[in-house]
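Peer 1: One structure follows; several queries about it will come next.
The values are calculated or read from the model by the stated rules, or taken from the named source; none is laboratory data. In this text, all values refer to a predicted model and were calculated from it rather than measured experimentally. With ideal geometry, Cβ positions are generated from the backbone for all residues, glycine too; neighbour counts draw on all protein chains shown. Only protein heavy atoms, including side chains, enter the accessible area calculation; ligands, DNA and RNA are left aside. Shrake-Rupley method; radii C 1.70, N 1.55, O 1.52, S 1.80 Å.
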Amino acid sequence: MTDYLSRAVISDPEQNLITEKQGSAHMLPVSNIAPLRFRKRTLHETKIRTHSTLTENMLSNKVQFDGRIISRNGHDACRELIGFFFTHDQSLTVYEYRQFGKNRTNVLPFIQKNIYSHQRGRRKGKQYQLGDFYVGANLTFLNSDHLRLPESIKENTLLILRITNIDRIALDSLRTGSVEHEDGINRQEANDRLVFKAIQDELKEQLHKRGVRIFTGLGKYFRQLDKEGSGLLDKADFKQALNVFHLEVSEKNFESSWLILNDSGNGKVDYGEFKRAVIGEMNEYRKSFVRKAFMKLDFNKMGSVPITNIRKCYCAKKHPQVISGHFTEEHIKSSFLETLKDACNKSDEVSYGEFEDYYEGLSIGIVNDEDFVNILRTPWGI
C-alpha cells in the first residue's frame, strides 16, 4: 500500500477495501473534471485476491462517484470528495482528497462506510439505493452522526453532498441486474420538477436579459436579510426579494414551490436552495470550472479571495473586445471587477458564493458548454 493511503485513518472493515498499485503514488489526477475512468485513482480496486466472498461481492458490485458539498463556506464548497456505493449491502462511503504541500496528497475518510437514509425531501427516511446515484443528485446526512467532520460543516444540521461525476460504465452495468420498484414518490418528485420548470420558464426571459445583475444582486440581498446567518428565510422574505428584482412569478406557482421546499414545516427555507429550485443553476460540468478558477485564486484555502488578488490574476488580453480594439485590457478588467464588487458584502474580498453567483448569471445566456468554459479558461488560465 502506498504512503499516502497508509497514512489514512480507516476502520478495520474498510482496510480490505482499499489498495494501490506499486509505483503509482505520484500519479494523482491534476484536474478534478476528467472522467473517472481516466483517473489514476485506485481506491476500492477490484483486482484484488481476497479470502472472503463477502469482500469480493462488495468490491465487484460498486459504483464510484465524485461529490461536492453544497455550502456557502467557500473552503467547504471546494473540498474534493470521492465516494462509493456498494450494491451488495446498499452501503456507501465517502473520502476526501487533501493536499499537503506541493507534491503530497492524502485520501482521508469523510463519511464512514455504513447504510444511510435520505434525511430530507420526498424520500426522507428511505434507505439509499442505486437509483439515487446520478450526476446532480443530492445525498443528505445528519452531521450529528459524523463527529469527525470539520467544525464549519457541523454548524448546520444537515450535510448535503451533490454528485458531480459518476462511473457511468459501472452504473449501467449494475442497473442491468438491479430491480427497483416504481412508487408514488417517483411521481411526486416528477410533479415537483414540473412545478420548478414552470417557474423557471416564467423567469427565463427576464433572467436572460439581466442574468448577472439578478444573480449577484439577489445573492447579496438574501445575505443582508439573513441577520442571524442561518441561511434560512421565511416566505415573506422571498416574496419581497422577487418584487425588489422585478421577477414575476404567479401566486399559484410560488405557493406550490413553497410547499415543496418547506418540507420541514418550520416556515423557513434555505435561500440557496430556493434560488437553485426557482431560478435554476448551471450544470455540474460548468460549475466544476468555476470551482477550479476559484481554487486557483484561493491558494490559502480561506474560502474568500482579496479583490487585489483577483485584479492581479485576471487577464483580459484575449478578450474578444480587446482583440477587436473596441476596449482596452484595463477597461475590461475594471468593468469585471466593478460588477463583481457590487455582489459582495465586503468591498475588499470576494467569497466563493459571490464568485459563483457572477458566473451563474453569466451562464444563462450561453448555450454551449465549451463556450462557457472558454470564458473561464481565457482570463484565469485554467
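Peer 1: Identify the residue in the range 72-120 that is of a type in the set (Ser, Thr, Tyr) and out of contact with any Lys or Arg (no Cβ under 9 Å at 6 or more places or on another chain) and, among all such residues, is farthest from Gly353 (Cα to Cα).
Peer 2: Tyr116
Peer 1: Right, here's the next one. Considering (1) in a helix (DSSP H, G or I); (2) under 20 Å from the mean Cα position of the chain (by Cα); (3) under 16 Å from Lys292 (Cα atoms), say which one Val350 fails and leave the rest.
Peer 2: For Val350, the exception is condition (1).
Peer 1: Take the range 303-345 and flag every residue that is in contact with a helix residue (DSSP H, G or I) (Cβ under 8 Å, 6 or more places away or on another chain), open to solvent by less than 70 Å² (accessible area, probe 1.4 Å) and among the hydroxyl-bearing types (Ser, Thr, Tyr).
Peer 2: Of everything in the range 303-345, those that are in contact with a helix residue (DSSP H, G or I) (Cβ under 8 Å, 6 or more places away or on another chain), open to solvent by less than 70 Å² (accessible area, probe 1.4 Å) and among the hydroxyl-bearing types (Ser, Thr, Tyr) turn out to be Ser304, Tyr314, Thr339.
Peer 1: Being under 28 Å from Phe222 (Cα atoms) and of a type in the set (Gly, Ala, Ser) narrows it down to one residue among Ser351, Ser324; which is it?
Peer 2: Ser351
Peer 1: Name, by its number, the condition in (1) part of a helix (DSSP H, G or I); (2) crowded, with 19+ Cβ neighbours inside 10 Å; (3) not β-branched (Val, Ile, Thr) that does not hold for Lys252.
Peer 2: Every listed condition holds for Lys252 apart from (2).
Peer 1: Show the residue pairs meeting these rules: Cβ distance below 6 Å; 6+ apart or different chains; first residue within the range 327-345 and closer than 14 Å to Thr308 by Cβ and assigned by the TED database to the domain that holds Leu362; second residue part of a helix (DSSP H, G or I) and open to solvent by less than 80 Å² (accessible area, probe 1.4 Å).
Peer 2: What qualifies is Leu340/Tyr358; Cys344/Glu354.
Listed here are the residues, each with its yes/no results for (1) of a type in the set (Ser, Thr, Tyr); (2) modelled with pLDDT of 90 or more.
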position	(1), (2)
Arg72	no, no
Asp76	no, yes
Gly83	no, yes
Asp89	no, yes
Tyr95	yes, yes
Arg98	no, no
Ile111	no, yes
Gln119	no, yes
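Peer 1: Another question, if that's okay. Just give me the residues in the range 87-125 being open to solvent by 60 Å² or more (accessible area, probe 1.4 Å) and acidic (Asp, Glu), in sequence order.
Peer 2: Across the range 87-125, there are no qualifying residues.
Peer 1: Would you mind stating whether Gly184 is farther than 23 Å from Lys62 by Cα, modelled with pLDDT under 95 and surrounded by 14 or more Cβ atoms within 10 Å (Cβ to Cβ)?
Peer 2: Taking the combined requirement at face value, the residue does not satisfy it.
Peer 1: Which of the residues that make up the range 201-249 are open to solvent by less than 60 Å² (accessible area, probe 1.4 Å), of a type in the set (S, T, N, Q) and either part of a helix (DSSP H, G or I) or over 26 Å from Tyr352 (Cβ atoms) (or both)?
Peer 2: Within the range 201-249, Gln206, Thr216 meet the criteria.
Peer 1: For the range 144-155, check the following and say yes or no: at least one residue is under 26 Å from Ser71 (Cα atoms), touching a residue at least 24 places away in the same chain (Cβ under 8 Å), hydroxyl-bearing (Ser, Thr, Tyr) and part of a helix (DSSP H, G or I). Give the steps one after another, and end with the answer.
Peer 2: In the first step, residues of the range 144-155 are kept if they are under 26 Å from Ser71 (Cα atoms); the result is 144-155.
From what's left, touching a residue at least 24 places away in the same chain (Cβ under 8 Å): 146, 148-150, 152-153.
If we keep only those that are hydroxyl-bearing (Ser, Thr, Tyr) too, we end up with 152.
Right, trim to part of a helix (DSSP H, G or I) and you get 152.
Yes: the range 144-155 contains one or more residues that are under 26 Å from Ser71 (Cα atoms), touching a residue at least 24 places away in the same chain (Cβ under 8 Å), hydroxyl-bearing (Ser, Thr, Tyr) and part of a helix (DSSP H, G or I).
Peer 1: I'm trying to understand the selection: among the residues of the range 298-308, which are closer than 23 Å to Glu80 by Cα and either in a helix (DSSP H, G or I) or among the hydrophobic types (A, V, I, L, M, F, W, C) (or both)?
Peer 2: Correct list: Phe299, Met302, Val305.
Peer 1: Right, here's the next one. Kindly evaluate Phe289 against the criterion of being at pLDDT 90 or above, over 22 Å from Ile366 (Cα atoms), buried (at least 16 other Cβ atoms within 10 Å of the Cβ) and within 25 Å of the chain's Cα centre (by Cα).
Peer 2: no
Peer 1: Do you know which residues across the range 114-143 are hydroxyl-bearing (Ser, Thr, Tyr), in contact (Cβ under 8 Å) with a residue 12 or more places away in the chain and not in a loop (DSSP other than H, G, I, E, B)? First the steps, then the outcome.
Peer 2: Keep residues of the range 114-143 that are hydroxyl-bearing (Ser, Thr, Tyr), which gives 116-117, 128, 134, 140.
So of that shortlist, the ones also in contact (Cβ under 8 Å) with a residue 12 or more places away in the chain come out as 116, 128, 134, 140.
Answer for the range 114-143, where residues must be hydroxyl-bearing (Ser, Thr, Tyr), in contact (Cβ under 8 Å) with a residue 12 or more places away in the chain and not in a loop (DSSP other than H, G, I, E, B): just Thr140.
Peer 1: Please find, within the range 360-379, the residue that is farthest from Lys209 (Cα to Cα) out of those that are exposed (fewer than 15 other Cβ atoms within 10 Å of the Cβ) and touching a residue at least 12 places away in the same chain (Cβ under 8 Å).
Peer 2: Among those residues, the one meeting the criterion is Asp369.
Peer 1: Right, another one. Kindly provide the set of residues from the range 233-255 that are out of contact with any helix residue (DSSP H, G or I) (no Cβ under 6 Å at 6 or more places or on another chain), over 23 Å from Arg193 (Cβ atoms) and not acidic (Asp, Glu), ordered by number.
Peer 2: Result: Ala236, Gln240, Asn243, Val244, His246.
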